[in-house]
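One structure follows; several queries about it will come next.
Nothing in this text is a laboratory measurement; each read-out follows from the coordinates by a stated rule. These numbers come from a predicted model, not from an experiment. Quick reminder, even Gly has a Cβ in these numbers, built from the backbone with ideal geometry, and neighbours come from all protein chains shown.
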Amino acid sequence: MAPLSRRAGRLADMCPKTDQSLRDGHSAVALRDEISAGEIKCRLTKKVNMRYSPSLDGLRAAAVALVMASHFTWGRLPGGWVGVTLFFVLSGYLITKILVQELDSTGTLNLQRFYLKRFLRLSPALALVLAASLVIAILTAKLDSAVEAALFAGSYTMNFNRAFGLGEEGALGHTWSLAIEEQFYLLWPLMLLFVVKRRRIRLLLTAISIIVAWRFYLIVDGAEVQRIYNGFDTRADALLVGCLLALVEKSIPYRAWMPYVAIVTLFGCYIALKADASFIWASGLFAATLASAALIKFTVVDGWARVFLTFKPFVFVGKLSYGLYLWHYMLLISAIRFQQDDNRVLYVTAVAVVSIGLAIASYFLVELPFNKLKDRIGRRPRTGAAAELPA
C-alpha cells in the first residue's frame, strides 16, 4: 500500500478538484478512509475522452463509397467486401482505444454504460430502416419475408442467417456486417476485462492466427461462399487486427511508402478479387485487412492523406456513412421491380439520391439526438444518498 501522502497526491492528480480536506486537517485513519473512498469514486466517475479525428470520418466516407459503388454496379466492381473490411478494422481500432483508455485510467470497464452507448449509437437508425422496409413490404405484398428478415436484422443475427441459410434476408441482407460488429462489441470488452495488460497483444495475435487458419481450412473443406463470407468466426480477424493496431500503433515506425502500398493493395483487391471461396480471395481478404490497418496508421499521422481526408465534404459523408450504408441497399433491393434493362442508370441514380436524402435526415433527426443522449451518459455521477436508492 502506498503511503497516505503519495496516495493523496495521486488522487489530486487524477481528480484536480478533489477537496483539499483529503490532504489537510484529518487524522491518519480518517484521511485513509477518505482517500480510499475518493479513489473509488474518482475511478468510477472519471470521464474518458478520446480526441476526435476528422480524417477517420474521411476514411469512413471512402469505405462506404467502395461498398455503394459495388452494389450500384451489381458486382461489376467486385470488391465491396474491401469497404466492409476497412469498416471492420476501423471499428476494432476505435473501440479498443476507447476501452483501453478507460481500463487503464480507471482500472475497470463500465460495461453497462458501454453497451447502452452502443445501443443508442446503432439501434435507432437501424430501427428506422427496418420500419421503412416493412412499410415497403406491405405496399409490395412481401410482408412475410420482410418480417422474417427484420427479425434477423433487428436481433443482429443476419450473419448467421446468411452463413447457414436459416431464413429470408429480404432487402436487409447487408445488415450481416452490423451483426458481426455487434457480436464483437459484446465479446471484446469482456475479454479485455479479464486479460491482464501484458497478455493482450499475445491474445490478439493468437486469435487472429486461429481465425485465418480456420478460414483456409473451411475453404479446403469445401465450405460454401456464404458460410465463409458471413461467419463471425471467419471474418472477426479484421476487427481484431484493428484492436491490435490500437495497442501497438505507437511502436510501429511510420514509413513514407506505407500509404502507397496500402492504397495499391486495397485498389487491386477491389477491382480484381470477387468474394468466392478460393485461396486467392482468402489471401486477398487478409491482405486487405493489413492494408486497411496501414491506411489507418497513415491517416492519423500528419501528411497528405490526413489533409485530403479532412476535406469537409469527405468528413460530412463519413458522418453520414452509417445511414448511407443502411439505406442504400435496402432501397436498391426493395424497389428492384422498378428496374428495367433500359433504365438501370436512372434507377441507380434515383436510389442514390433518395439514399443520400434519407441518410441526411436520419443523421440530423435520429442519430445526432441519440448521440447527444449517449454522450451525456456518465457525465453527471450520482452522489450522496441518491446513489443508494433503487431505480
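Sort the following peptides by mean Cβ neighbour count (other Cβ atoms within 10 Å, averaged over residues), highest first: 221-228, 281-288, 123-130, 253-260. Mind dumping the intermediate values first?
Working: 221-228: 15.0, 281-288: 20.9, 123-130: 19.4, 253-260: 12.4.
Per-residue Cβ counts within 10 Å, averaged per peptide and sorted highest first, yield 281-288, 123-130, 221-228, 253-260.
Something else now. At a Förster distance of 56 Å, what's the computed FRET efficiency of residue 307 paired with residue 337, Cβ-Cβ distance as r, to 0.05?
Values: r = 45 Å, r/R0 = 0.80.
Efficiency computed from Cβ-Cβ geometry: 0.80.
Strictly over 30 Å apart at the Cα level, which of 117/312; 312/372; 197/374 would you flag in this model?
Among 117/312; 312/372; 197/374, the Cα-Cα distance tops 30 Å for no pair.
Follow-up question, since we're still on this one. Counting Lys +1, Arg +1, Asp -1, Glu -1, what net charge surrounds residue 99 among other residues with beta carbon under 13 Å of its beta carbon?
Result for the local shell: +4.
Another question, then. Give me the orientation-averaged projected area of the Cα convex hull of region 114-244, in nm², one decimal. Working shown, then result.
On the way: hull surface 35.1 nm².
Spelled out: convex hull of the Cα atoms, projected over all directions, averaged, 8.8 nm².
Find which of 264, 315, 330 sits farthest along the positive direction of the dipole of region 187-345, computed with +1 on the beta-carbon of Lys and Arg, -1 on that of Asp and Glu, about the Cα centre.
Farthest towards the positive end: 315.
Continuing with this model, one more query. For region 279-379, run through the trypsin sites (Lys or Arg not before Pro) and keep only the ones in DSSP coil with at most 16 other Cβ atoms within 10 Å of their Cβ. Write down the numbers at each step before the final one.
On the way: sites: 297, 306, 319, 337, 344, 372, 374, 376, 379; in loops: 379.
Loop-located and lightly packed - 379.
With N denoting the number of residues in region 297-358, provide Rg(C-alpha) divided by 2.2 N^0.38 Å, to two decimal places.
Working: Rg = 16.0 Å, N = 62, 2.2 N^0.38 = 10.6 Å.
Ratio of Rg to 2.2 N^0.38 Å for region 297-358: 1.51.
What whole-number distance in Å separates the alpha-carbon centres of region 299-334 and region 108-124?
First find each Cα centre; the distance between them is then 23 Å.
May I pose another question? Can you tell me which of 195-204, 63-72 comes out highest on packing, and rank the rest after it, using the mean Cβ neighbours within 10 Å?
On the way: 195-204: 13.2, 63-72: 21.0.
Ranked from most to least packed, the peptides come out as 63-72, 195-204.
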